[in-house]
Structures are given as structure tokens and as C-alpha cells.
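Below you'll find the structure, written out as C-alpha cells, and then a few comments.
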Amino acid sequence: MKDTHITASSASFFKDLKTVAKRAIRLAGREPETLIPAIIIPLFFFIVNVGALSDISNFAGVDDYKAFQLPVAIVFAVTGISRASSLVSDIQSGYFDRLLISPVSRHALLLGLMVADMLVVILLSIPVIILGLVLGVSFASGVLGMLVFILLAALWGLAFTGFPYAIALKTGNPGAVNSSFLLFFPFAFLTTTFLPKEALTGWLATVATYNPVTYLLEGLRSLTTTGWVLEDLLPAIAAIAAVGLLSQILAFKTLKSRTARK
């Protein structure tokens, strides 16, 4: 009897997860204006950075600056992409509260949105990869390495989504959610965005050492330049896991707090 109850609960959870994810994907497809900047901005900076800084990179020991900048473009493309703004709309319209009085799984309400986020960030990675290939970037790790490259980028995008969701659930304010990307700015620029770690000095080198994006970029770069290097890939995975753990704990704690009021 107990096993039957567990099976039924699991089936109900996955049904709820599928329903929430399908709705989020459908809504994302109807809002291309929210995704187009996420493609254009990283492509723009990729082209500008490569064009403006390639000569400088030669003095910093970077042989292929296009390959060096491709992970930066990918990280900018996928970071902060979430359905948090849609969640705010649901909160303001009362739709989210109506869901809370239904038997739908509370965890599925958030995890379903994240499933949609994962699909979106993978799709956003593809144009950046294509531009890199067109400009001559090659993957020393081969086609499989390219797939792992996209997977790591998508996992990073998913790891970061907890922050905007926590803000959305806590405030229900679209302005606060839209500004959540500002959380990423210190991570984005106080790291090896433009130069390798060996070329950084002073306090910037110290900050970069503790910045998880440093290890993410090094892991992604290893796939394009040196191949399968565990000394670079494992810290990248650890950085994603650390940021993801923190953001998801915040998101689900905030979800619990909001649902407890109903």
C-alpha cells in the first residue's frame, strides 16, 4: 500500500512538472523580445572584444583570442535567463495564488520553470557557437567536447536562475527581477574576461582567484584549446555546483516562505 502511494505521488509530481514546463516553454516562444537581446548582446561583445583586443592578447600569452573570448560570450548569453519575469506576472495576476490552492506540487512550480530555462539557454548557446565556428574557433576536444561545452554553459545558466527566482518570489516586483542580472556584474568583470589569470596583478588577481566564473571560463576554454583536461574541467563543475547550491537553496526557501502564507 505504501509503495503504491509513493508511486502515485511520483507520477503526480512528474505530471505537474511536465505541465508547468510546457506552459513556460510555450510562453517563452511567445515572447521573442525577451530572448533576442540575450543573443545579440553577447554576439556584439564577442565581435568587439576580438576585434579590439586581439593584438593586446599576444603580449599576454593568448594564441587564439577568438577561442579565449568564446566562453565569455556563452556565459553572457546564458546568465540571468529565466522565467522569473513570467513568475512575477503570475504572482501579480493572482494565477500563482490559484495554483497554490490546487493540489499541484510546490516544487514542480519552480522546477518546471527551470526545465524551460534549461531548454532556452541551450538554444541561446547555439548561435554563439556557430559564430565562433564561422570565425575559425575549433574544439580541441572534438564534437563531444562541443556538446560538453554547451552542457556546462547550460548548467551554469540553470545554476544562476535561483537568484532571479528568489527575488521574484520574495518581492513580486518586475523591476527587482530585471535588475537581478546586476548580481552577475562583479562575477563577469572581476575575472579572466579579457586576459588570462597569469596576466592579472594586484587585487584583481586575488578577487579572480575566488571568483567561480574564473574556473568556469577556464574549464570552457580548455575544451576549445587543450582538450580534455580534468584539472580545468573539475573546478569548473565545482564552481557551477557551488553557485547552483547557493541559488537553489535561496529560491526554494523563498518558495517555501511564500507558499506558507497561503
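The values are calculated or read from the model by the stated rules, or taken from the named source; none is laboratory data. Remember, it's a predicted structure, so these values are computed and weren't measured experimentally. Cβ atoms come from the backbone with ideal geometry, glycine included; neighbour counts cover every protein chain shown.
For the stretch 80-105, which positions are assigned to a loop (DSSP other than H, G, I, E, B), more than 22 Å from S12 (Cα to Cα) and either without any contact (Cβ under 8 Å) to a residue 12 or more places away in the chain or in contact with a strand residue (DSSP E or B) (Cβ under 8 Å, 6 or more places away or on another chain) (or both)?
First, the residues of the stretch 80-105 that are assigned to a loop (DSSP other than H, G, I, E, B): 80-83, 94, 101-105.
Subset that is more than 22 Å from S12 (Cα to Cα): 80-83, 94.
Answer for the stretch 80-105, where residues must be assigned to a loop (DSSP other than H, G, I, E, B), more than 22 Å from S12 (Cα to Cα) and either without any contact (Cβ under 8 Å) to a residue 12 or more places away in the chain or in contact with a strand residue (DSSP E or B) (Cβ under 8 Å, 6 or more places away or on another chain) (or both): just G94.
Kindly check whether there is at least one residue in the stretch 240-258 that is of a type in the set (D, E, K, R) and either without any contact (Cβ under 8 Å) to a residue 60 or more places away in the chain or closer than 21 Å to L70 by Cα (or both). Lay out the reasoning, then the answer.
Initially, the stretch 240-258 is screened for residues of a type in the set (D, E, K, R), giving 253, 256, 258.
Checking the rest, the ones that are also either without any contact (Cβ under 8 Å) to a residue 60 or more places away in the chain or closer than 21 Å to L70 by Cα (or both) come to none.
No - not one qualifying residue is present in the stretch 240-258.
Could you tell me which of the residues I126, I240, I167 is in a helix (DSSP H, G or I) and closer than 18 Å to A38 by Cα? If you could, list the steps in order and put the result at the bottom.
Numbers: I240 fails: closer than 18 Å to A38 by Cα; I167 fails: closer than 18 Å to A38 by Cα.
None of the other options fit; the residue is I126.
What is the residue count in the stretch 152-206 for residues that are among the small types (G, A, S) and either under 16 Å from the mean Cα position of the chain (by Cα) or on the phi > 0 side of the Ramachandran plot (or both)? Spell out the reasoning first.
Of all residues in the stretch 152-206, those among the small types (G, A, S) come to 153-154, 157, 159, 162, 166, 168, 172, 175-176, 179-180, 188, 199, 202, 205.
Now narrow it down to the ones that are either under 16 Å from the mean Cα position of the chain (by Cα) or on the phi > 0 side of the Ramachandran plot (or both): 153-154, 157, 159, 162, 166, 172, 179-180, 188, 202.
Looking only at that region, the number is 11.
Which members of the stretch 146-187 meet the condition of being in contact with a Phe, Trp or Tyr (Cβ under 8 Å, 6 or more places away or on another chain) and surrounded by fewer than 17 Cβ atoms within 10 Å (Cβ to Cβ)?
L183, F184 - these are the residues of the stretch 146-187 that are in contact with a Phe, Trp or Tyr (Cβ under 8 Å, 6 or more places away or on another chain) and surrounded by fewer than 17 Cβ atoms within 10 Å (Cβ to Cβ).
Would you point out which residue out of A77, A28 is aliphatic (A, V, I, L, M), in a helix (DSSP H, G or I) and closer than 19 Å to L131 by Cβ?
Values: A28 fails: closer than 19 Å to L131 by Cβ.
Exactly one residue qualifies, and that residue is A77.
Could you grab me the full set of residues in the stretch 153-164 that are part of a helix (DSSP H, G or I) and not hydrophobic (A, V, I, L, M, F, W, C)?
Here is the first cut: in the stretch 153-164, the residues part of a helix (DSSP H, G or I) are 153-160, 162-164.
Within the stretch 153-164, G157, G162, P164 meet the criteria.
Among the numbered conditions (1) within 15 Å of the chain's Cα centre (by Cα); (2) farther than 15 Å from A73 by Cα, tell me where L216 comes up short.
In the conditions (1) within 15 Å of the chain's Cα centre (by Cα); (2) farther than 15 Å from A73 by Cα, L216 misses (2) alone.
Report, ordered by the first and then the second residue, all pairs with beta carbons closer than 9 Å, sequence separation of six or more or different chains, a first member in the stretch 190-206 that is hydrophobic (A, V, I, L, M, F, W, C) and assigned to a loop (DSSP other than H, G, I, E, B), and a second member that is surrounded by fewer than 16 Cβ atoms within 10 Å (Cβ to Cβ) and modelled with pLDDT under 85.
Within 9 Å, the pairs are F194/I56; F194/A60; L195/I56; L195/A60.
Identify, from the list L124, L133, the residue that is free of Cβ contacts under 8 Å to residues at least 40 places away in the same chain, over 17 Å from Q248 (Cα atoms) and hydrophobic (A, V, I, L, M, F, W, C).
Numbers: L124 fails: free of Cβ contacts under 8 Å to residues at least 40 places away in the same chain.
Testing whether each residue is free of Cβ contacts under 8 Å to residues at least 40 places away in the same chain, over 17 Å from Q248 (Cα atoms) and hydrophobic (A, V, I, L, M, F, W, C) leaves just L133.
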